[in-house]
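Below is one structure, written out as structure tokens, with a few remarks after it.
Read-outs throughout are calculated quantities, based only on the coordinates presented, and are distinct from any laboratory measurement. If you're wondering where the values come from, they're calculated on a predicted model, not measured in any experiment. Note: ideal-geometry Cβ built from the backbone for every residue, glycine included; neighbour counts use all protein chains shown.
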């Protein structure tokens, strides 16, 4: 229940900020062009908050349905306009000003994404170093020469310090169906250049989060040695004689290679006698223990009251921080926003021509879920989520679909060519077609959301 509430709250915050930023773009440029603003609404439907501000008594509204917003300007097409206010009506403004006002919303979405990525790169992103875990035999990776233990240094000469950077590059090149060059280094410090043909992987596999599975490789697992770091007072471990820094060699003659294996044995054997072989200094001793029975998440498990030993340099060997100076972070933010915009367009294009399934469309339920998950991870992850959604809003709003900003821009381009505004009849017809298209897309997205929920 708490997770659901967190997802809803994160969803409202994220969309509220992005919609406000988008509509503020329209508002700010309209004010620069001396257009009178009547209403500034965040959300649709019933107003839950109203306030008038500014010399024009613009009405600011927060509405109940946070799935959009609008800026209502003085316009002859939407009502009578006093003669003395005609110069401030939107429809009286020259074509270039109308074009600037309408395009400002999507542009501000891109500006927000650039700002968010800039902050992220300045603050720094902790990430798992791109060491390769298991490589499936006969997989694309295996056939290409990738092997367990190698570290990915770069893709097509672009450095990849983290798995996140690796996946960003893989996603972009998979959408294009590129053949890429991967520079790797193995445990013997021998560097190799590996060529992989990503056209063998479908966009649908990638969109379902199965890109690494399709490649046949996995991220290296963070393994803790089965060494006792702390023994809790009055627990089974203390009563059985386990001490700090004891290394667990085997349990009931089953060899332990990691702390995870040791924990799994304990959890699966409540109230059962375990013969534990322990290395203490240079001596090997046998300890008998019976894990106590506890209930955790409606499941009966075993517990002994001990924690793992974590060497000070453990995380340094697995993790790194991707951080840049202010100027270079800004360049990275520009490049990242551009790459995400192009990627979004390419995926949409492949959906249109049938090379990608419409199952990849996500609706408000999925967005809320991702919002909650990213907020739970931390502020940097939440900012990254908002940047991705902001780019998507910018790209989608620029599509030449009537009702969207891109549809209005399309009419203005036609007006530029023919020398007069598109007829009102044509605009109304276009809006009807656009409404059908948008309702259809929204229906598919919501259907996909429901399908994901029920598995």
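Averaged over residues, the count of other Cβ atoms within 10 Å places the peptides 315-322, 205-212, 45-52 in the sequence 205-212, 315-322, 45-52, highest first. Each of (1) 1.02; (2) 0.96; (3) 1.09 is a candidate for Rg/Rh (Cα atoms, Kirkwood Rh); the one calculated from this structure is (3). Label-to-label distance for residue 176 and residue 28 is 3.2 nm, based on points extended 7 Å past Cα in the beta-carbon direction.
Taking neighbour counts of Cβ atoms within 10 Å as a proxy for exposure, in what order, fewest first, do 257, 20 appear? Before the final figure, lay out the partial values.
Working: 257 12, 20 18.
Going from sparsest to densest Cβ surroundings: 257, 20.
Just the number, please: Stokes-Einstein D of the range 159-221 in µm²/s, Kirkwood Rh from C-alpha pairs, 4 °C, 1.567 mPa s.
On the way: Rh = 12.5 Å.
In µm²/s, the coefficient is 104.
Once R0 is set to 22 Å, what does the formula 1/(1 + (r/R0)^6) return for the Cβ-Cβ distance between residue 191 and residue 325, expressed as a FRET efficiency to the nearest 0.05?
On the way: r = 27 Å, r/R0 = 1.25.
It comes to 0.20.
Helix 364-377 and the longest principal axis of the Cα set of the chain meet at an angle near 50°. With the simple spin-label model, which puts each label point 7 Å out from Cα in the Cβ direction, the residue 232 to residue 422 separation comes to 6.6 nm.
Working ranking of peptides 232-245, 91-104 by packing, defined as the average number of other Cβ atoms within 10 Å per residue, highest first, is 91-104, 232-245.
May I ask you to derive the relative contact order of the range 228-309, considering only C-alpha pairs under 8 Å and at least 6 residues apart, and to give it as an integer percent?
38
Here's the picture: a label point sits 7 Å out from the Cα of residue 381 along the beta-carbon direction, and within the range 105-130 the residues with their amide nitrogen under 13 Å of it are 126-128.
Seen against the Cα atoms of the chain and their longest principal axis, helix 326-352 is set at about 80 degrees.
With Cα atoms defining each centre, the range 241-272 and the range 167-193 are spaced 38 Å apart in the structure.
Distance between the pseudo-spin-label points of residue 56 and residue 245 (7 Å out from Cα toward the beta carbon): 7.4 nm.
Helical runs assigned H by DSSP (4 residues or longer) give the chain a calculated mean residue ellipticity at 222 nm of -15500 deg cm²/dmol, each run adding -39500 (n - 2.57) before division by the residue total.
Could you line up 405, 312, 449 from fewest to most neighbouring Cβ atoms inside 10 Å?
Values: 405 24, 312 6, 449 18.
Final ranking by Cβ density, sparse to dense: 312, 449, 405.
Each principal axis of the Cα cloud of the range 89-234 was evaluated for its coordinate range; sorted largest first, these ranges are 75, 52, 28 Å. With coordinates expressed along the principal axes, the C-alpha atoms belonging to the range 228-309 extend over 41, 27, 20 Å, beginning with the largest. The range 332-406 and the range 416-439 have Cα centres separated by 26 Å.
Axis angle, to the nearest 10 degrees, between helix 379-397 and the longest C-alpha principal axis of the chain: 40 degrees.
Give me the distance between the Cα centres of the range 5-31 and the range 110-160, rounded to whole Å. Measuring centre to centre over Cα atoms gives 31 Å. Ranked by the mean number of other Cβ atoms within 10 Å of their residues, highest first, the peptides 370-383, 160-173, 425-438 fall in the order 160-173, 370-383, 425-438.
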